[in-house]
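Participant: Dropping the structure in here first, questions after.
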Amino acid sequence: MTDSITVAIADPPYIGCAGFYEENEEVDHEKLVERLVDEYPDGWALCMHSPSLKQILNYCPDDVRVMAWVKPFAVFKPNVNPAYSWEPVIVRGCRKRTREQDTVRDWVAANITLRRGMVGVKPDEFSYWLFEVLNLRPGDTMDDIFPGTGAITKAWQKWQQMYTFMSPSYEQMEVLT
């Protein structure tokens, strides 16, 4: 049995997008990365939009990985071409995978959510993939740093329940939702 770990998933308002949220307050992403590094040595994930990737990577340690959430269905905006149909996710650390475990891709294809309470709510499939990337298990602690509607926390609760009945990959789990 593997020891439990504590990780964080941060899905803050993206740089320049604070106006979409009630608080209307920009997040200091440099301080956020410092917090993640200091408080979550087991691992963390940070969501962002592609225009901010270069800036935020400059705040990160060298051992991070950039993953991708590809959105097959995305909202196309007038005069924005090519469309923004993927989002980077920076990941650091995680529980090491064994040779017996399936290999997890560094990307996931999952549609955006609509009418889930606020802009940017992540779909369950995205969260399940991220739990697999971090190699989480029931009993681990997952801190949702910017809970918003609580979608990632709710997905974590569902994922833990499903995991106790079987040990599938996130792709198999999305069929259950």
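Participant: Take the alpha carbon gyration tensor of the range 1-141, find the square roots of its eigenvalues, order them as a ≥ b ≥ c, and report rounded if a/c is under 1.5; if not, report prolate when a/b exceeds b/c, else oblate.
Facilitator: On the way: a/c = 1.80, a/b = 1.39, b/c = 1.29.
The shape class here is prolate.
Participant: Within the range 6-174, what percent of beta bridges assigned by DSSP are antiparallel, to the nearest 5?
Facilitator: 50
Participant: So what are the ³J(HN,Hα) numbers for the range 67-81, from phi and the Karplus equation (6.51, -1.76, 1.60; θ = phi - 60°), rounded to whole Hz, Gly and Pro as x?
Facilitator: Result, ordered by residue: 10, 9, 9, 9, 10, x, 10, 9, 7, 8, 9, x, 6, 10, 8 Hz.
Participant: Where does the chain land at 222 nm, in deg cm²/dmol rounded to the nearest 500, when only DSSP H runs of n ≥ 4 count, each adding -39500 (n - 2.57), divided by all residues?
Facilitator: Working: 5 runs with 46 residues, N = 177.
Calculated at 222 nm, the ellipticity per residue is -7500 deg cm²/dmol.
Participant: What is the distance, in nm, between label points placed 7 Å from the Cα along the Cα-to-Cβ direction at residue 63 and at residue 39?
Facilitator: Roughly 2.1 nm, to one decimal.
Participant: Related question: How far apart, in nm, are the 7 Å Cα→Cβ label points at residue 49 and residue 70?
Facilitator: 2.2
Participant: What's the extension gain from residue 84 to residue 15 if we count 0.36 nm per residue and subtract their Cα-Cα distance?
Facilitator: 23.4 nm
Participant: Here's another thing I want to ask about it. Before anything else, pin down the relative contact order of the range 6-174: Cα pairs under 8 Å, at least 6 apart, normalised by residue count, whole percent.
Facilitator: Dividing the mean separation by the residue count of the range 6-174 yields 25 percent.
Participant: Can you order the peptides 88-96, 52-60 by their average number of other Cβ atoms within 10 Å per residue, highest first?
Facilitator: In descending order of packing, they fall as 88-96, 52-60.
Participant: I've got another one for you. Give a residue-ordered list of calculated ³J(HN,Hα) values for the range 124-131 (Karplus: 6.51 cos²θ - 1.76 cosθ + 1.60, θ = phi - 60°; whole Hz; x for Gly, Pro).
Facilitator: Calculated HN-Hα couplings, in order: 4, 4, 4, 4, 4, 4, 5, 5 Hz.
Bear in mind these aren't lab numbers, they're just calculated from the coordinates by the rules spelled out. This is a predicted model, so every value here is computed, not measured. As a convention, Cβ positions derive from the backbone with ideal geometry for all residues, glycine included, and neighbour counts pool all protein chains shown.
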